[in-house]
1. Using 0.36 nm times the number of residues separating I91 and E114, minus their current alpha carbon distance, what extension gain do you get?
2. Report Rg/Rh for region 60-116, rounded to two decimals, where Rg is the Cα radius of gyration and Rh the Kirkwood radius.
3. What number results when the radius of gyration of the chain, computed over Cα atoms, is divided by 2.2 N^0.38 Å?
4. Work through the residues other than A100 whose Cβ is under 14 Å from its Cβ and net out their charges, Lys, Arg +1 and Asp, Glu -1.
5. If R0 is 22 Å, what FRET efficiency do you get for H102 and D43 from their C-beta distance, rounded to 0.05?
6. In region 32-116, what is the count of Lys pairs whose alpha carbons are under 25 Å apart, counting only pairs at least 8 residues apart or on separate chains?
7. Could you work out how far apart the two model spin labels at E58 and V16 are, taking each label as a point 7 Å from the Cα in the direction of the beta carbon, and quote it in nm?
8. Once you have the Cα-Cα distance between I50 and N4, take 0.36 nm times their residue separation minus that, and quote the gain in nm to one decimal.
Amino acid sequence: MINNTNVIEIKGKQFVESVILDKEYKGSKELILNGIFVAIGHDVLSELAIPLGVKLNEKKEIVINHKNSSTNVPGIYAAGDVADKPFKQAITGVAEGCTAAHSAYEFIQKEKIETT
């Protein structure tokens, strides 16, 4: 990990061969490598959940039931980077979103039946 440094250019023909940094690292701004992994930000944006009474953990992630993405508040579901799952990748966020949407649909259907 190289702290306080930004990648300003990715170089390579068919594959990543190196990156250009905005500051020197070990005497060079070019870092030779075979691939990159992009991560954008680490701030959890869970402020919307706070007034709803949704439980957050110490990292301000929304605590969910990992089977159905439900929270401690009935009818409220969370998925993706805001949820308290340890693995935060686009593909897992999409899967969690599908689970949350399906669980929310089931919740609404159940509520509809109970109120009619």
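1. The I91-E114 span can extend by a further 4.8 nm.
2. Radius of gyration over Kirkwood radius for region 60-116 works out to 1.04.
3. The value comes to 1.53.
4. Once positives and negatives cancel, what remains is -2.
5. My answer for the efficiency is 0.20.
6. For region 32-116, the number of qualifying lysine pairs is 13.
7. Calculated label separation equals 3.1 nm.
8. 13.4 nm
Readers should treat all values here as calculations from the given coordinates under stated rules, not as data from a laboratory. Since the model is a prediction, treat every value here as computed from it, not as a measurement. All Cβ positions, glycine included, derive from the backbone under ideal geometry; neighbour counts span all protein chains shown.
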